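The values are calculated or read from the model by the stated rules, or taken from the named source; none is laboratory data. This is a predicted model, so every value here is computed, not measured. Please note: Cβ atoms are built from the backbone with ideal geometry, for glycine as well, and neighbour counts cover all protein chains shown. Please note that ligands, DNA and RNA were not included when accessible areas were found on the heavy atoms of the full protein model with its side chains. Shrake-Rupley method; radii C 1.70, N 1.55, O 1.52, S 1.80 Å.
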Amino acid sequence: MPIHEKSLIRPENIISHENLEIDGIDVSGHWSTFIKPRVVTDYNEDTEEEIAALPGGEFIHRCWQCGSCTNSCTVNALDPEFNPRYWIYLARLGMEDELLRDKDRIWQCVSCNKCTYSCPRDVNPEGVMKAMSHWLELKGHTPTSPSMQFDEEFSGQVFETGRIEEGRIIRGFFKRTGQNLMQDWLVELVKRLIRGLPVKLLMTMGLANIFRPRTRGWGPAREAIEEYVAERKMADRKALGLDEPGIAEQESEQ
Amino acid sequence: MSKPVLVIGGGPAGLAAAHALASVGRNVTLIEKEDRLGGAPILSGYAKLVPSGEWAKDAIGGMVGRVEGNGLVDVRLNTTVKAFDGTPGAFSAILSDESKIDAGAAVLCTGFTHFDPVNKPEWGFGTFQDVVTTTQVEQMISSGNGVRCPSDGRKPKRVAILLCVGSRDRQIGREWCSKVCCTVSSNLGMEIREELPDTHVYIYYMDIRTFGLYEDLYYWRSQEEFKIKYIKSRIAKVTSDGERLIVKGEDTLVKRPISIPFDLVVHAIGMDPNVDNLLLSSVFDVELEGHQFLKRASTYDSMAGTSRPGVFVAGAATGPETIDDSIAQGQAAAMAVLSILSQAAAE
């Protein structure tokens, strides 16, 4: 007999066995379908404290679940599953498994701050979303994706030179993701650029790829940015009780 | 010399009424069935009061002192009223010690009775030692012993406070809100966190009714400064795994069953009508209202009145009431007594 309620149960909570024998009785087939209990068996007070320790998350404990944040949310209007109110609750009770189910959604917050202006308790939900994203990353719940590698290459160049150079970004990104530079579409693109662009512009682009020009006087800005980023990373890791990055790691970052 | 005014009950309302009448020169006979004055805050050993934050023994103790030290107030402890007859200005009462006194009027300040949570056996009171009432936690704090698990004296790591125990529950015939328990519980939660900063306090609620200024001073403050967590759930059952208590219910926000271990479970017990209300109703010939509290006459017409002219009522005798409002009502009843006595004297 089919279980009608199956549609109400998440697929990962249904366990079925092709062949199963219990106490000598064959219960193969649909008889061997089990549902994992949905009971919350404990709270984890550490989760809220960790998120509260990250910048933006300080006021998460003020939340009384009115739903103003979700109601005003830009992203929620497009994706009804994007629910800051709910994530704040999960974080507060330490229901990490449930929170991690949405780890690919949480970072989609666009920081429009509509929630910040509608929150009656000054929870600063936008800050909490930011803290939650950092928490996911620091806890290692977000494996490095190609888009993340692109972001790192992009921001790395900005930090270093104060500007970006498309050709270098593409090369760096391909290198990070282990892709071959000589891809048909890219070769074709370069060929057409050479044919179509003015010679002077082509030369500027070529030189820029070789000499890596910097914004004038960028040095102090670079140092300040790098110092801030390193400081922030250290502080966040410390807040979560993670090992501080070793000296070697810091050096390789610079 | 004018006949004394009979004030029944020596709690906040009775103490306020007696003091108010004595301070305008009236004789008062204050009847108290227990062996000391002060009412629930003193008899039940409350800790710090809402909203003053003063210790009950200081705040209410001060009210007791000024009444006991007043020559116009005749305090009769361990005494009840057996019979009461007459008309406004000319009542007579027979007390339990068989003495007879004349009275111009009477004010019933007979208060309430704490709900006994053994009447909600599914929540474990009387079954598990570490299930206690808000009153017991008040006593743990006011005694200076601190909040501990009664079973072995350990400091609780996690405390659950269940609201609406004996309130808002048709199953046990208590359909009223006891009005003060939300605020009292958030106050207790803060006191627990103050004493035991590593203890996590969870409050399970159906609605939070920290009315008026208690909203930010208690509800918000308990969340924002003391990190108390409020969870919307009416608990189904309190049981034990042999080591800790297990609180079972549904977390209505995640729509999932919960089964959470706790060290200490506190019942925020409500206010029942005084167990003596049927007796009081018959002795003083006053009506009870639908929940068995004393019935109040129309407030617009006759402040602090009952169904019987010349007999007044104040405080939690008429329904769940805060201490401050009970005191105000005691004073209001005194004013009503004065006006009826001056009328009687003029006639």
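Numbers below:
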read-out	value
Failed criterion for B:Leu278 (all others in (1) touching a residue at least 24 places away in the same chain (Cβ under 8 Å); (2) surrounded by fewer than 24 Cβ atoms within 10 Å (Cβ to Cβ); (3) assigned to a helix (DSSP H, G or I); (4) not β-branched (Val, Ile, Thr) hold)	(1)
Subset of the stretch B:236-260 (residues that are at the interface with chain A (Cβ under 10 Å from one of its Cβ atoms) and either closer than 27 Å to B:Leu49 by Cα or among the hydrophobic types (A, V, I, L, M, F, W, C) (or both))	B:Ile246, B:Leu253, B:Val254, B:Ile258, B:Ile260
Which numbered condition B:Val311 misses (of (1) under 18 Å from B:Val81 (Cβ atoms); (2) of a type in the set (Val, Ile, Thr); (3) surrounded by fewer than 18 Cβ atoms within 10 Å (Cβ to Cβ))	(3)
Counted residues, the stretch B:208-235 - those being surrounded by fewer than 20 Cβ atoms within 10 Å (Cβ to Cβ) and away from chain A (no Cβ under 12 Å)	5
Scan of the stretch A:51-70 for residues that are open to solvent by 30 Å² or more (accessible area, probe 1.4 Å), more than 11 Å from chain B (Cβ to nearest Cβ) and assigned to a helix (DSSP H, G or I), ordered by number	A:Ser68
Scan of the stretch A:71-106 for residues that are of a type in the set (S, T, N, Q), more than 12 Å from chain B (Cβ to nearest Cβ) and open to solvent by less than 40 Å² (accessible area, probe 1.4 Å), ordered by number	A:Ser72, A:Asn76
Filter pass, B:Asp74 being touching a residue at least 12 places away in the same chain (Cβ under 8 Å), open to solvent by 50 Å² or more (accessible area, probe 1.4 Å) and part of a strand (DSSP E or B)	yes
